[in-house]
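Only one structure is covered here, and it is reproduced in the block below.
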Ligand code: AP5
Ligand code: MG
């Protein structure tokens, strides 16, 4: 199995590049952000809970997110592999994912970390705000909070995979096609 953690700050291109990788490698795309947004749209209890955090640019609590992720993994019978997009986002989530995947004998193969300067992230998110309908894109203050949360709670997750020799950093600036090529070159 090919299990890839596609990592990076808000607006780094995780979702955009995931779409390409799933086609090329036949993987399942699991984005916790997309799942939360679908629940908000469907007005579920999970959606209501998630919205209260997303609208502040804060993280949804680990116990909620970890349970959600593992139940999504289990929906797929005999997958070729997964792209985890936006998960794990805390060291506790990474530890829980490792434990869960080890028990299934399907460990994380690699983390691909997209590196994009902060100014470029803000430009991308504010541009997307014009059409996305995402409440967390619409307000520069929320974007600031998302980026601050990334530095404080999420960035350490790269060290977690670095310690396992699974971390690959990729320049996330340039055309979408050129970045896809960089990712293909690392995955092989
Ligand atoms: P999530 O949905 O994961 O959002 P995010 O990490 O803030 O990132 P985005 O989805 O905004 O960016 P992306 O990296 O996918 O980039 P994209 O390809 O869209 O999470 C949302 C919220 O949910 C969190 O804040 C949190 O509250 C909660 N949450 C989610 N997961 C959680 C977890 N595990 N634990 C706790 N809470 C969780 O690209 C962005 C834009 O840039 C697009 O418009 C795109 O067209 C454009 N673009 C892409 N590539 C390029 C390029 N090369 N050049 C120019 N523009 C580009
Ligand atoms: Mg995304």
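Where a number appears in this text, it was derived from the coordinates with a stated rule and is not lab data. All values reported here derive from a predicted model rather than from experimental measurement. No Cβ is skipped: glycine too gets one built from the backbone with ideal geometry, and neighbour counts run over all protein chains shown.
Among the residues of region 72-87, is there at least one that is more than 14 Å from the chain's Cα centre (by Cα), touching a residue at least 24 places away in the same chain (Cβ under 8 Å) and loosely packed, with under 15 Cβ neighbours inside 10 Å? Yes, that holds for at least one residue.
Residues being free of Cβ contacts under 8 Å to residues at least 40 places away in the same chain and either in contact with a helix residue (DSSP H, G or I) (Cβ under 7 Å, 6 or more places away or on another chain) or surrounded by 14 or more Cβ atoms within 10 Å (Cβ to Cβ) (or both): count how many of those fall in region 119-139. Write out each step before concluding.
Taking region 119-139 and keeping what is free of Cβ contacts under 8 Å to residues at least 40 places away in the same chain, we get 119, 123, 126-127, 129-133, 137-139.
Next cut, either in contact with a helix residue (DSSP H, G or I) (Cβ under 7 Å, 6 or more places away or on another chain) or surrounded by 14 or more Cβ atoms within 10 Å (Cβ to Cβ) (or both) only: 126, 129, 137-139.
Total satisfying the criteria: 5.
Condition (residue is touching a strand residue (DSSP E or B) at 6+ places or on another chain (Cβ under 8 Å), within 24 Å of residue 174 (Cα to Cα) and within 14 Å of ligand 2 (Cβ to nearest atom)) applied to region 102-111: is it met by at least one residue? No, region 102-111 contains no residue that is touching a strand residue (DSSP E or B) at 6+ places or on another chain (Cβ under 8 Å), within 24 Å of residue 174 (Cα to Cα) and within 14 Å of ligand 2 (Cβ to nearest atom).
Just one residue in the set 33, 57 is free of Cβ contacts under 8 Å to residues at least 60 places away in the same chain, within 16 Å of the chain's Cα centre (by Cα) and within 15 Å of ligand 2 (Cβ to nearest atom); that residue is 33.
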